[in-house]
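The structure's right below; bear with me while I get my questions together.
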Amino acid sequence: MKKIQISPSILSADFSQLGNEIKRLEEAGADMIHVDVMDGHFVPNLTIGPPVIKALKKNSSILFDVHLMISPVHKYIEDYADAGADIITIHPEATEDLKLSINKIKDLKKKVGISLNPKTQIDGIMEYLSEIDLVLIMSVNPGFGGQKFMPEVLDKVKKLKRLQVEKNLDFEIEIDGGINFDNSKKAIEAGANILVSGTTIFKSNNGDIKKKY
Ligand code: DX5
Ligand code: ZN
């Protein structure tokens, strides 16, 4: 049984206090920090890029779980690796050659994740499951925090978990979007072992986040 980990999304944090917010999350027991990078092209929102990530990473030791909602993504992978990303997760739709992008992230000695939007099925990434460290199942359409959890993605989590066990693979199953203290239990039961949460965590004033999940 994989350890259940929490990866709070700083998309819902106070952007004028990002460094302090990350410190508070570390103290509250977060296992990693989920950094949502958006380019206003792949998704209709714009957030932060490598310079900010580099500045934040300088003052923190926690793992940076960087979710790249940018396209084209391949040519920017190295910038995020250099900025301090520990896990680099990309969307298959954002690269012309998923295998090349996966290998690029691995060559940079970073963990590699693939993110599946609610409508994107597992079939398209089956051949890569043995080569990646993480699958990020989106339970909202990417672009914004504070959206409603889409329970239909739980079937996809269950299917992915079955595949992981059948093929004896070791990738993490991360779920991202609208996670709260109720649906997190259903997500864990379905097979997710890393929970991303932004609004819920920041709304709960960043209490001891571990206990509530
Ligand atoms: C959405 C992001 C998610 C989101 C999570 O595109 O990938 O990480 O910010 O935030 P909540 O928990 O508010 O849905
Ligand atoms: Zn995300």
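The numbers here are math on the coordinates, done by the rules we state, and not lab data. All of these numbers come straight from a predicted model, not from anything done at the bench. Positions of Cβ are backbone-derived with ideal geometry, glycine not excepted, and every protein chain shown enters the neighbour counts.
Considering only the chain, what is the antiparallel percent among its DSSP beta bridges, to the nearest 5?
Values: 1 of 33 bridges.
Taking every DSSP beta bridge within the chain, about 5 percent pair in antiparallel fashion.
How much mean residue ellipticity at 222 nm does the chain get from its helices, if each DSSP H run of length 4 or more adds -39500 (n - 2.57) and you divide by all residues, to the nearest 500 deg cm²/dmol? All intermediate terms of the calculation are to be shown ahead of the outcome.
Working: 8 runs with 66 residues, N = 213.
Result for the chain: -8500 deg cm²/dmol, rounded to the nearest 500.
Which log10 I(q)/I(0) values, to two decimals, does the stretch 5-204 give at q = 0.14, 0.17 Å⁻¹ under the Debye formula with one point per Cα?
-0.74, -1.15
For the chain, modelled as a GNM with alpha-carbon contacts under 10 angstrom, which of ILE105, ILE70, ILE48 fluctuates the most?
It is ILE48.
Now for a separate question. Among ASP39, ASP182, ASP82, which comes first, then next, by fewest other beta-carbon atoms within 10 Å? Write down the numbers at each step before the final one.
Details: ASP39 18, ASP182 9, ASP82 12.
By the 10 Å Cβ count, ascending, the order reads ASP182, ASP82, ASP39.
Just want the answer: with Cβ charges of +1 for Lys and Arg and -1 for Asp and Glu, which residue in TYR128, MET138, ALA94 is farthest toward the dipole's positive end in the chain?
Checking the options against the dipole of the chain, the answer is MET138.
Would you mind checking the pairs LYS2/LYS167; LYS2/LYS75; LYS75/LYS156; LYS58/LYS110; LYS75/LYS104 and listing those with alpha carbons more than 21 angstrom apart? Walk me through the intermediate numbers first.
Values: LYS2/LYS167 16 Å; LYS2/LYS75 33 Å; LYS75/LYS156 30 Å; LYS58/LYS110 17 Å; LYS75/LYS104 10 Å.
Listed pairs above 21 Å: LYS2/LYS75; LYS75/LYS156.
Let me ask another. Nearest-5 percent of antiparallel DSSP beta bridges in the stretch 37-111? Before the final figure, lay out the partial values.
Values: 1 of 8 bridges.
Around 10 percent of the beta bridges assigned by DSSP in the stretch 37-111 are antiparallel ones.
Order these by the 10 Å Cβ neighbour count, fewest first: VAL140, VAL157, VAL37, VAL165.
Working: VAL140 19, VAL157 23, VAL37 26, VAL165 10.
Fewest-to-most Cβ neighbours within 10 Å comes out as VAL165, VAL140, VAL157, VAL37.
Rounded to the nearest 20 Debye, what is the dipole magnitude of the chain about its Cα centre when Lys and Arg each give +1 and Asp and Glu each give -1 at the C-beta?
On the way: 28 positive and 30 negative charges, 111 e Å.
About 540 debye.
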